[in-house]
Amino acid sequence: MKFTIGFSPCPNDTFIFDALVNNKIDTEGFEFEPVLEDVQTLNKWAIEKRLDISKISYGVLPLVLKDYVVLNSGGALGKGVGPLLISKNEVKDVANEIENLTVAIPGENTTAHVLFSYAFPSAKGKQFLVFNEIENAVLTGQVDAGVIIHENRFTYQDKGLIKLMDLGAYWEQTTGAPIPLGGIVVKRGMEKPVQQKLNRLIKKSVEYSFEKYPAISSYISSHSQEMSEDVMRKHIDLYVNNFSIALGDEGKQAVNTFLEVYSKVHQSCFAKEEIFAEG
């Protein structure tokens, strides 16, 4: 049985799926065709039902629940891992000034957008860019501020940019839940035993990489866009944890909390399908 599987080239995703797609573990007869794209493209493709298995932002989950369910393993949740609101200039009172600022957001259907809108419901001047374009947009004055994710969390200060707010910390303080950043979804129509095996194999893949860590495999480094190994490890340390091995009850509750906040932020309802895959 062969599956298409989509994830980003970022070190946290290649760390998670390296053993699975490169046959470093026994895949028990399953074959995987990896498709590496930025998460906003993967979000769009999930809406279009293009891939069998895919990494998505939790920000797009309500739009794809009719077609996909969330696997227990392989995702990114945690504390201290949320997006940051940054700028070139100090803003003394962000909450009151936000209506007058143009803010770059890393994609409309992203978790970062939901967390920003949750913190700043009155914000109006949003511009949606690919995540790795945001620092430059702020530096050149294309926008007043930007929401950054991924490796940009480790580089913005080197470029003279300053943090206005940690959106993840705001989420944690107000909800008490870890931050659901990205999940792994599988097509809803797959048989339950197949979903269970996929959960098991992805868990084994994460555990394999942890056993080899802190060594960085050639698969991870070859997709890391000239990052240093230090930045790769920071990326992995921040985004891959026990929730990546298994969501567990705490992780699932965090996802449910996120979906409740999504409904309020977007003032919308969505089909209350079963959210999580079997096993």
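Test Gly74 against the criterion of being touching a residue at least 60 places away in the same chain (Cβ under 8 Å), surrounded by fewer than 24 Cβ atoms within 10 Å (Cβ to Cβ) and small (Gly, Ala, Ser), and give yes or no.
Against the criterion (touching a residue at least 60 places away in the same chain (Cβ under 8 Å), surrounded by fewer than 24 Cβ atoms within 10 Å (Cβ to Cβ) and small (Gly, Ala, Ser)), Gly74 does not qualify.
Can you name every residue in the range 110-131 that is in contact (Cβ under 8 Å) with a residue 60 or more places away in the chain, outside any loop (DSSP other than H, G, I, E, B) and either β-branched (Val, Ile, Thr) or within 19 Å of Ala76 (Cα to Cα) (or both)?
Within the range 110-131, Thr111, Val114, Leu115, Phe131 meet the criteria.
Which residues, counting only those in the range 157-193, are surrounded by 22 or more Cβ atoms within 10 Å (Cβ to Cβ) and within 19 Å of Lys264 (Cα to Cα)?
Leu167, Gly168, Trp171, Pro178, Ile179, Pro180, Leu181 - these are the residues of the range 157-193 that are surrounded by 22 or more Cβ atoms within 10 Å (Cβ to Cβ) and within 19 Å of Lys264 (Cα to Cα).
State which residue pairs qualify: first residue under 12 Å from Leu51 (Cα atoms) and inside the range 2-18, second residue among the hydroxyl-bearing types (Ser, Thr, Tyr) and at pLDDT 95 or above in any location, beta carbons under 6 Å apart, and separation of 6 or more residues or different chains.
If the second residue must be among the hydroxyl-bearing types (Ser, Thr, Tyr) and at pLDDT 95 or above, the pairs left are Gly6/Ser54.
With respect to Asn23, is the statement that it is polar (S, T, N, Q) and part of a helix (DSSP H, G or I) true?
Values: polar (S, T, N, Q): yes; part of a helix (DSSP H, G or I): no.
Taking the combined requirement at face value, the residue does not satisfy it.
Based on what the data block shows, is Gly141 modelled with pLDDT of 95 or more, crowded, with 18+ Cβ neighbours inside 10 Å and among the small types (Gly, Ala, Ser)?
No; evaluated as a whole, the condition is false for this residue.
I'd like the full set of residues that are in contact with an Asp or Glu (Cβ under 8 Å, 6 or more places away or on another chain) and over 23 Å from Leu129 (Cβ atoms), limited to the range 28-55.
Lys49 - this is the single residue of the range 28-55 that is in contact with an Asp or Glu (Cβ under 8 Å, 6 or more places away or on another chain) and over 23 Å from Leu129 (Cβ atoms).
Assuming Thr27 fulfils every condition listed in (1) without any contact (Cβ under 8 Å) to a residue 40 or more places away in the chain; (2) within 30 Å of Ser218 (Cβ to Cβ); (3) surrounded by fewer than 21 Cβ atoms within 10 Å (Cβ to Cβ) apart from one, which condition is it?
(1)
Looking only at the range 56-109, which residues are over 24 Å from Asn12 (Cβ atoms) and among the aliphatic types (A, V, I, L, M)?
Val91, Val94, Ala95, Ile98, Leu101, Val103
The values are calculated or read from the model by the stated rules, or taken from the named source; none is laboratory data. These numbers were taken from a predicted model, which means no experiment stands behind them. Positions of Cβ are backbone-derived with ideal geometry, glycine not excepted, and every protein chain shown enters the neighbour counts.
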